[in-house]
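**Student:** One structure follows; several queries about it will come next.
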Amino acid sequence: MSFRVIIDKRELNSPVAKALEKLGANMSFKTLEVADYIVSERVAFERKAIDDFLSSWLIEKKLFGQIGDLVRAYEKPVLIIEGGNP
(Lines give C-alpha, C1' and ligand atoms only; values in the text may rest on other atoms or scores of the structure.)
Protein backbone atom coordinates (compact mmCIF):
# COMPACT_ATOMS: atom_id res chain seq x y z
CA MET A 1 0.00 0.00 0.00
CA SER A 2 1.51 3.30 -1.08
CA PHE A 3 0.76 6.67 0.45
CA ARG A 4 1.72 10.17 -0.62
CA VAL A 5 3.84 12.50 1.52
CA ILE A 6 5.09 15.96 0.60
CA ILE A 7 8.32 16.61 2.45
CA ASP A 8 10.12 19.89 2.98
CA LYS A 9 13.42 19.87 1.06
CA ARG A 10 15.29 20.67 4.27
CA GLU A 11 14.18 17.27 5.61
CA LEU A 12 15.72 15.39 2.68
CA ASN A 13 18.40 13.66 4.76
CA SER A 14 16.31 13.13 7.89
CA PRO A 15 15.82 9.64 9.29
CA VAL A 16 12.07 10.15 8.87
CA ALA A 17 12.35 10.60 5.10
CA LYS A 18 14.54 7.52 4.89
CA ALA A 19 12.05 5.48 6.94
CA LEU A 20 9.15 6.66 4.76
CA GLU A 21 11.09 5.58 1.68
CA LYS A 22 11.58 2.09 3.16
CA LEU A 23 7.83 1.93 3.86
CA GLY A 24 7.13 2.61 0.19
CA ALA A 25 5.79 6.15 0.51
CA ASN A 26 5.26 8.11 -2.67
CA MET A 27 7.36 11.13 -1.71
CA SER A 28 7.80 14.51 -3.30
CA PHE A 29 10.11 17.23 -2.03
CA LYS A 30 9.32 20.95 -2.02
CA THR A 31 10.28 23.97 0.01
CA LEU A 32 7.30 24.23 2.34
CA GLU A 33 6.30 27.47 4.05
CA VAL A 34 4.36 25.63 6.75
CA ALA A 35 5.13 22.13 8.12
CA ASP A 36 7.84 19.59 7.40
CA TYR A 37 5.59 16.76 6.20
CA ILE A 38 2.16 17.02 4.57
CA VAL A 39 0.16 13.81 4.42
CA SER A 40 -3.21 15.22 3.30
CA GLU A 41 -5.07 18.49 2.86
CA ARG A 42 -6.04 18.22 6.53
CA VAL A 43 -2.93 16.75 8.21
CA ALA A 44 0.62 18.08 8.45
CA PHE A 45 3.54 17.50 10.79
CA GLU A 46 6.18 19.87 12.13
CA ARG A 47 9.20 17.93 13.38
CA LYS A 48 11.59 19.45 15.92
CA ALA A 49 14.68 17.89 17.40
CA ILE A 50 14.98 18.92 21.05
CA ASP A 51 17.83 21.36 20.35
CA ASP A 52 15.87 22.98 17.48
CA PHE A 53 12.78 23.11 19.69
CA LEU A 54 14.64 24.88 22.47
CA SER A 55 16.39 27.25 20.07
CA SER A 56 13.13 28.12 18.29
CA TRP A 57 11.42 28.70 21.63
CA LEU A 58 14.03 30.37 23.81
CA ILE A 59 16.52 32.04 21.47
CA GLU A 60 14.83 32.79 18.16
CA LYS A 61 11.36 33.31 19.69
CA LYS A 62 9.69 31.89 16.58
CA LEU A 63 8.17 28.64 17.90
CA PHE A 64 4.71 29.99 18.67
CA GLY A 65 4.53 31.68 15.28
CA GLN A 66 5.40 28.40 13.56
CA ILE A 67 2.80 26.52 15.58
CA GLY A 68 0.20 29.22 14.88
CA ASP A 69 0.90 28.99 11.14
CA LEU A 70 0.51 25.20 11.29
CA VAL A 71 -2.80 25.45 13.18
CA ARG A 72 -4.20 28.00 10.72
CA ALA A 73 -3.14 26.01 7.65
CA TYR A 74 -4.25 22.49 8.66
CA GLU A 75 -7.26 21.03 10.40
CA LYS A 76 -5.15 18.35 12.11
CA PRO A 77 -1.70 19.82 12.81
CA VAL A 78 0.87 17.68 14.64
CA LEU A 79 4.02 18.84 16.43
CA ILE A 80 6.62 16.12 17.01
CA ILE A 81 9.44 16.84 19.44
CA GLU A 82 12.29 14.34 19.22
CA GLY A 83 14.57 13.82 22.18
CA GLY A 84 18.06 12.40 22.27
CA ASN A 85 19.00 8.84 23.06
CA PRO A 86 18.63 7.94 26.76
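**Student:** Give the residues of region 29-44 that are within 11 Å of the chain's Cα centre (by Cα), outside any loop (DSSP other than H, G, I, E, B) and of a type in the set (A, V, I, L, M, F, W, C), sorted by residue number.
**Tutor:** ILE38, VAL43, ALA44
**Student:** Considering each of GLY24, GLY84, GLY68 in turn, give the residue that is at pLDDT below 90 and among the small types (Gly, Ala, Ser). Quick ask: steps written out before the conclusion?
**Tutor:** Numbers: GLY24 fails: at pLDDT below 90; GLY68 fails: at pLDDT below 90.
Result of the check over GLY24, GLY84, GLY68: GLY84.
Condition check ((1) out of contact with any Lys or Arg (no Cβ under 8 Å at 6 or more places or on another chain); (2) not β-branched (Val, Ile, Thr)) across all residues:
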position	(1), (2)
PRO15	yes, yes
LYS22	yes, yes
PHE29	no, yes
TYR37	no, yes
GLU41	yes, yes
VAL71	yes, no
TYR74	no, yes
PRO77	yes, yes
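**Student:** When region 45-86 is examined, which residues are found to be aliphatic (A, V, I, L, M), open to solvent by less than 80 Å² (accessible area, probe 1.4 Å) and not in a strand (DSSP E or B)?
**Tutor:** The answer is ILE50, LEU54, LEU63, ILE67, LEU70, ALA73.
**Student:** Another question, then. Can you tell me which of LEU20, LEU54 is without any contact (Cβ under 8 Å) to a residue 12 or more places away in the chain and over 14 Å from VAL71 (Cα atoms)?
**Tutor:** Working: LEU20 fails: without any contact (Cβ under 8 Å) to a residue 12 or more places away in the chain.
Just one listed residue meets the conditions, LEU54.
**Student:** Right, here's the next one. So, LEU20, is that one open to solvent by less than 50 Å² (accessible area, probe 1.4 Å) and touching a Ser or Thr at 6+ places or on another chain (Cβ under 7 Å) or not? Even if it seems obvious, please write down each step before you answer.
**Tutor:** Values: open to solvent by less than 50 Å² (accessible area, probe 1.4 Å): yes; touching a Ser or Thr at 6+ places or on another chain (Cβ under 7 Å): no.
No: the conditions fail for LEU20.
The values are calculated or read from the model by the stated rules, or taken from the named source; none is laboratory data. All of these numbers come straight from a predicted model, not from anything done at the bench. Every residue, glycine among them, receives a Cβ derived from its backbone with ideal geometry; neighbour counts consider all protein chains shown. To get the accessible areas, we keep the full protein, side chains included, count just its heavy atoms, and leave off ligands, DNA and RNA. Shrake-Rupley method; radii C 1.70, N 1.55, O 1.52, S 1.80 Å.
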